[in-house]
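Everything below concerns the one structure shown next.
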Amino acid sequence: MSHVTSRTQVAIIGAGPAGLLLSHLLAARGIDSVVLETRSQEYVGARIRAGILEQSSVDLLTDVGLGDRLAREGDQHRGIYLQFPHERHHLDFMDLIGRSVYVYGQTEVQKDLVEARAAAGQQWVYEISDTALHDLDTDRPSVTYTDADGNPQRLEADAIAGCDGSFGPSRSAIPGGTTWERTYPYSWFGILADVAPSTDELIYAWHPNGFALHSMRSETVSRLYLQVEPGTDPDSWSDDRIWDELATRLGHGQDGWELNPGPITDKSVLPMRSYVHAPMSHGRLFLAGDAAHIVPPTGAKGLNLAIADVALLAPALAELVGKGDARLADAYSDTALRRVWRCTHFSWWMTTMLHHNGDPFDAQLQLSQLRWVTSSKAGATGLAENYAGMPFEI
Ligand code: APR
Ligand code: PHB
């Protein structure tokens, strides 16, 4: 059965935050797009992911009309706490660099994007399969796929945006790319709990038993993480053991601070790896977000990097398909990769500083680095600059 052909200016593969935000930024520049997604809208919306937004991400979302609920329900944080045995230090980003971060779950960002795109009449196709990319070296590339009813479809466009995450087909459509990868010998055991956070801002803790993080989603929902062995079965830890280990690593009882346990509503184990693919474009195909790079969550960079990519890609594609001017599009990959490596380095640095790897020499180096970062203005400022976020173009 031959393909039914349709046409748009930009074919976007993937309806995660990168794909939907790109469609929104393109529409603001008068550029049409069709978003193709292999999962259902409900499935994509329900995925539990991270919850920290850089100042630059909040500024962009606000500028393009996606900041109302964020302003109402998001929580502005001045900084973070760094914890190690018998010591807890607050790094105040506002004092150090005049920038802050916001706690607002990726699920909420996704919800706002879907609502805004639906209201704008965005063309999107969910539950597709057999996605394949064609003619990337021409000015009329296309994507073929099978729709939810089993019909073969071809979407022709002036450009394709590969926003299909780390397991999508777009990256492998780039011939002869280079990849860099680092996997870490530990994972994160993440829980959601219906209990008020026991801290006003995030606590990142180094402990000989392993790393721990106290984050939150709202005044009544806490999000916490524990360093565990890769491949740990989430059901192999009892709730009591989880809370006991969190209390130990986060310093329960230190200076009167207490961790309040509560009902755990979700458990998951996340692998930890750093991954970068270059180039991030080939012909009329442009990668953004997890399709091109993965960072471990310790630096809270995953979502913010996806937002930074599309903040660069949208004007580049608008110039290319709207005016036939390829200068920004030709520079996109190199420009985006500079920021990708900055965030990859910072995420690796936070990860290797805060996770115990069993090596006693490394443990002393980690403690020394933590003491420096928490006592030296220069050290604290370096962390603050990276955590609160660099400008989109560096
Ligand atoms: N065809 C269509 N869609 C696909 C295909 C395919 N063959 N393969 C994957 N997809 C979809 C996935 O189902 C997913 O919804 O692409 C989307 C990619 O979305 P994300 O994985 O959320 O990636 P991205 O939009 O780049 O957002 C990055 O998500 O994983 C977090 O930490 C990460 O916060 C970061 C953010
Ligand atoms: C989260 O809230 O889920 C979160 C926050 C900070 C991180 C990672 C995850 O570094």
Roughly what would the spin-label model give for Trp372 and Asp240, points 7 Å off Cα along C-beta, in nm?
-> 4.3
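Quick check for you: with a 1.4 Å probe and neighbouring chains kept, what is the accessible area per residue of the chain, in Å²?
Numbers: 16260 Å² over 394 residues.
About 41 Å² of surface per residue is accessible.
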Dipole of the chain (Lys/Arg Cβ +1, Asp/Glu Cβ -1, origin at the Cα centre): which of Ser274, Pro297, Gly190 lies farthest to the positive side?
-> Ser274
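How big is the dipole moment of the range 84-234 about its Cα centre under a simple scheme where the beta carbon of each Lys and Arg is +1, that of each Asp and Glu is -1, and everything else is neutral? Debye, nearest 20, please.
Working: 10 positive and 23 negative charges, 62 e Å.
For the range 84-234, the charge dipole is close to 300 debye.
How high is the relative contact order of the chain, given as a whole-number percent (alpha carbon pairs under 8 Å, six or more residues apart)?
21
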Determine the share of the range 163-290's accessible area contributed by carbon and sulfur atoms, expressed in whole percent, with a 1.4 angstrom probe.
-> 48
Over the range 138-203, calculate the relative contact order: mean separation of alpha carbon pairs under 8 Å at least 6 apart, over the residue count, as a percent.
-> 19
Helix 239-250 versus the longest principal axis of the chain: what angle, 0 to 90°, nearest 10, using Cα atoms?
-> 70
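Compare the peptides 240-251, 145-156 by average per-residue count of other Cβ atoms within 10 angstrom and give them in order, highest first. Before the final figure, lay out the partial values.
Details: 240-251: 18.9, 145-156: 14.9.
Result, highest mean Cβ count within 10 Å first: 240-251, 145-156.
Can you compute the charge dipole magnitude of the range 314-358 about its Cα centre, using +1 on each Lys and Arg Cβ and -1 on each Asp and Glu Cβ, nothing else charged? Give it in debye, rounded to the nearest 20.
Values: 5 positive and 4 negative charges, 30 e Å.
Around 140 debye, computed over the range 314-358.
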If you count, for each residue, the other Cβ atoms within 10 Å and average over each peptide, how do 381-389, 349-357 line up from highest to lowest?
-> 381-389, 349-357
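Grab the eigenvalues of the alpha-carbon gyration tensor for the chain, scale each by 5, take roots, and send me the semi-axes largest first in whole angstrom. Can you show the working numbers first?
On the way: eigenvalues 293, 93, 79 Å².
For the chain, the ellipsoid semi-axes come out as 38, 22, 20 Å.
Which of the three applies to the range 1-46, rounded, prolate or oblate, going by the alpha-carbon gyration tensor with a ≥ b ≥ c and a/c under 1.5 meaning rounded? Kindly include the intermediate steps, with their values, before the conclusion.
Working: a/c = 3.26, a/b = 1.05, b/c = 3.10.
Here the range 1-46 falls in the oblate category.
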Per 5 angstrom bin, beginning at 0 and ending with the bin that holds the maximum distance, the Cα pairs of the range 272-347 fall in percents of 3, 17, 29, 22, 13, 8, 4, 2, 0
Relative contact order (%) - criterion: Cα under 8 Å, at least six apart; region: the range 1-132 | 32
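What's the magnitude of the charge dipole for the chain around its Cα centre, counting Lys and Arg as +1 and Asp and Glu as -1 at the beta-carbon? Answer in Debye, nearest 20.
Working: 31 positive and 50 negative charges, 146 e Å.
Rounded to the nearest 20 debye, it is 700 debye.
The values are calculated or read from the model by the stated rules, or taken from the named source; none is laboratory data. All values reported here derive from a predicted model rather than from experimental measurement. Positions of Cβ are backbone-derived with ideal geometry, glycine not excepted, and every protein chain shown enters the neighbour counts. Surface accessibility is based on the protein's heavy atoms, side chains included, excluding ligands, DNA and RNA. Shrake-Rupley method; radii C 1.70, N 1.55, O 1.52, S 1.80 Å.
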